[in-house]
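The values are calculated or read from the model by the stated rules, or taken from the named source; none is laboratory data. This is a predicted model, so every value here is computed, not measured. Using ideal geometry, Cβ is built from the backbone for each residue, glycine included, and neighbour counts are taken over all protein chains shown.
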Amino acid sequence: MEAGKTLLRVLSGNAVWPPPLWLMRQAGRYLPEYRALRERAGDFLTLCTTPELAAEATLQPVRRFGLDAAILFSDIPLLPWALGRPLAYEEGKGPVFPPLRSAGEVAALDPARLRGAMAPVLETIRAVRRELPASAALIGFGGGPFTLACYLVDGGAGEFLATRRMAREEPALLGALIDRLTETTVAWLAAQAEAGAEALMLFDSWAGLLPPALFRRFVIAPTARIVSALRELAPGVPLIGFPRLAGLMLGPYASLTGLDAVGLDTVAEPEIAAAVVPAKVALQGNLDPLALLAGGSALAEEARTIALALRGRPHIFNLGHGVLPETPPAHVAELARLVRSL
């Protein structure tokens, strides 16, 4: 752990006041400099896999707002793409895959392709570390295996009915897919740590779509396997999990996975989360992105309420979901000022 990096201090179990600050989707369409970069790239996949451009996107919000962490500019669907699954980004739809529905398609996901396909992303990590301010940490990330399975089985975003049916009607098939994704997520996150990521985050954006028994099987169990493996492959690199919509399963998720921190979504109440999450596990979050969009008194009141509710325990200030594209950059600057003046 490098001295002066408050995010890493919190992930080591220390309460820091004021808390360190970074934001999910802090690089994105709300920034005019990002929009210019996106236009220069031509398409989203090219932006993610061109080290010069992806490094610049990663660094833009840190330069502008003086945030305590940069998060690698990439996207979670790149992992199955790297394993050989065709991926397209369609306007208004986001990532689109051919729906995966058979054991043969699971077997065709090829871990041997991972390093070669993701080499440009690893170069992005190295480039960011060379340019990142000394006070800021670099976070690498991947998708939770269940969330990745949702995109693969359903073929894109939505209610993920095909995945949820598979969990009940063909649990062995979904289990085989999640096993393959768990194995490759371990390899991918370990490679990011080797390239220079100082912390790692697992986004399980659709975890809360599952009822408790299936949540334990398809979210908690694979996450615990990932954490256990990375303790061996990337010792000393802290791990953050974001089980969005977990609700009452947040406590078991935090207790049973071995993570260093858990992200709270927008609907989590900080005081209740603090009561059900072990004290040694840091909490991250959870300002409503709509409060950030609104700015003014709505932003100030909610930001102070969250920060004060979690004062005295390890806490990273963040959003409960990502920055909305319509957010004025001035509101992000105001949030940074608010948090630092607590």
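Criterion applied to LEU338, LEU324, LEU310, LEU299 was being of a type in the set (A, V, I, L, M, F, W, C) and under 20 Å from the mean Cα position of the chain (by Cα), and the one residue passing it is LEU324. One residue stands out among those in segment 216-259 that are farther than 19 Å from GLN192 by Cβ and among the basic types (Lys, Arg): the one that is nearest to the chain's Cα centre (by Cα), which is ARG244.
Conditions tested, residue by residue: (1) in contact (Cβ under 8 Å) with a residue 60 or more places away in the chain; (2) on the phi < 0 side of the Ramachandran plot.
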residue	(1), (2)
PRO270	no, yes
PRO278	no, yes
LEU283	no, yes
LEU287	no, yes
GLY312	yes, no
GLY320	no, yes
THR327	yes, yes
LEU335	yes, yes
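The listed residues are THR49, THR58, and the only one of them that is at pLDDT 95 or above, closer than 21 Å to LEU181 by Cβ and hydroxyl-bearing (Ser, Thr, Tyr) turns out to be THR49.
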